[in-house]
Amino acid sequence: MLIVDTGPLVAFLNRNDPDHERCADLLESYDGELLVTPYVLTECCYLVGKYVGADAEINLVESVAGGDLTQVFPDGQDMARIVELVRRYRGFPLGIADASVIATAERLKATEVATLDHRHFRAVTPSHVPAFTLLP
């Protein structure tokens, strides 16, 4: 399984993005399940709709409906961890989308995260491993 952050999805859906090719290679070739939180999906829809267009936003939602991306909903413990992370890193700031990726990865014991946001994901030490492996 691979938890996917906003950046790789936006780059994948935007052919003009400088990270498009490497994100497309990762997401198209990954063998396991690609997981997104509802906060990542919402953030992606907003950014893709605003900067790429409605068709790209529709493609993103269709990828969830069709099972290419699996939406993982935070449970109560995840929400408590999200609050803890956002509070601890509020001056950084660490937003709810990134915190939801971290909390979900911790619960599922995932060690790999697809993200372009090395700044935020290197700053946080996950509870289950010394650091995430960041892809692509």
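The values are calculated or read from the model by the stated rules, or taken from the named source; none is laboratory data. Quick caveat: nothing in here was measured; it's all calculated off a predicted structure. Glycine also receives a Cβ, built like all others from the backbone with ideal geometry; neighbour counts cover every protein chain displayed. Only protein heavy atoms, including side chains, enter the accessible area calculation; ligands, DNA and RNA are left aside. Shrake-Rupley method; radii C 1.70, N 1.55, O 1.52, S 1.80 Å.
Data table
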| item | result |
| --- | --- |
| For the range 1-48: rounded, prolate or oblate by the Cα gyration tensor [a/c cutoff 1.5] | oblate |
| The chain - mean residue ellipticity at 222 nm from DSSP helices (-39,500 (n - 2.57) per run, n ≥ 4, rounded to 500) | -17000 deg cm²/dmol |
| Heavy atoms of Ile96: accessible area, 1.4 Å probe, square angstrom to 10 | 80 Å² |
| Stokes-Einstein translational diffusion, the range 58-136 - Kirkwood Rh over all Cα pairs, 0.890 mPa s, 25 °C, in µm²/s | 184 µm²/s |
| Mean separation of Cα contacts under 8 Å, 6 or more apart, over the residue count of the chain: relative contact order % | 29 percent |
| Simple Cβ-charge dipole of the range 1-82, Lys/Arg +1 and Asp/Glu -1, about Cα centre, in debye nearest 20 | 240 debye |
| Whole-Hz couplings from phi, Karplus 6.51/-1.76/1.60, listed for the range 82-97; x for Gly and Pro | 4, 4, 4, 5, 4, 5, 4, 10, 5, x, 6, x, 10, x, 5, 5 |
| Whole-Hz ³J(HN,Hα) from phi, Karplus 6.51 cos²θ - 1.76 cosθ + 1.60, for the range 117-132, glycine and proline x | 9, 5, 4, 6, 7, 8, 6, 9, 8, x, 6, 10, 8, x, 6, 6 |
| Radius of gyration and maximum dimension Dmax of the range 1-107, Cα, Å | 13.9, 38 |
| Farthest toward positive dipole pole in the chain [+1 Lys/Arg, -1 Asp/Glu at C-beta], among Val72, Val36, Ala99 | Ala99 |
| Accessible carbon and sulfur surface of the chain relative to its total accessible area, %, 1.4 Å | 52 percent |
| For Ser127, solvent-accessible area (1.4 Å; no DNA, RNA or ligand), Å² | 90 Å² |
| Per residue accessible area in Å² of the chain, where ligands, DNA and RNA are left out and the probe is 1.4 Å | 52 Å² |
| Accessible area of Glu84 in the full protein assembly, 1.4 Å probe (Å², nearest 10) | 80 Å² |
| Residues with amide H under 5 Å from that of Ala114, placed H, sequence gap 5 or more | Ile3, Val4, Asp5, Leu135 |
